[in-house]
Structures are given as structure tokens and as C-alpha cells.
1. With all pairs of different alpha carbon atoms counted, what Kirkwood hydrodynamic radius in Å does the range 18-79 show?
2. Using mean Cβ contacts within 10 Å as the protection proxy, how do 89-98, 68-77, 26-35, 39-48 order, highest first?
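Bear in mind these aren't lab numbers, they're just calculated from the coordinates by the rules spelled out. Treat the numbers as computed from the prediction; the structure is a model and nothing was measured. Every residue, glycine among them, receives a Cβ derived from its backbone with ideal geometry; neighbour counts consider all protein chains shown.
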């Protein structure tokens, strides 16, 4: 869990819109890319209609289709998800208030 109430006001937000298999679009805030065991994983935070104090991040594996296009793939392995999230938490321990 991520408590984002302490974001700095001058924090620049990058928004990514993803489309699921059913064609539904959802906006996410790009947080970071983490490398783990030779793979890259994108860390995203869902953009909600209303501001929330707590949010769960989404972690997806990046597949490069070519030099300009990427595909994001869900991860079923809970151990990989936890290890990638642990790297992210360590990197941003001073910027976010993480909750277990």
C-alpha cells in the first residue's frame, strides 16, 4: 500500500492510459521502472476520480515490441511481484509512506 498524501506540490505527474483486453481505458500515474532478473517492470498508480490517501500500485512486466512500442503484461508470480515492489519501496522510502 502507498500513502500519497505527502506528495510534494511541485511533483510532475506523467499519466499513461492503458487499455485492457475488453477495450476499457484507465489512466495511471507513471512512478518508475524497476529492473529485476534481466526484466523491466513498470510501476503505476491508478488515477482515481477522487483523491484517495491510500492506493495500491500496479506492477507490469515490460515487453518491447520494437524501438517505439511496448506491451505491458500482468504478472502471476507473487514472489516476483513482491521482490519488484521491495526494490521500488527501498528506492522511494523517503518519498512515500508505505504500508504493509
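1. In the range 18-79 this quantity evaluates to 13.1 Å.
2. Details: 89-98: 12.8, 68-77: 10.7, 26-35: 15.4, 39-48: 17.2.
Peptide ranking by packing, descending: 39-48, 26-35, 89-98, 68-77.
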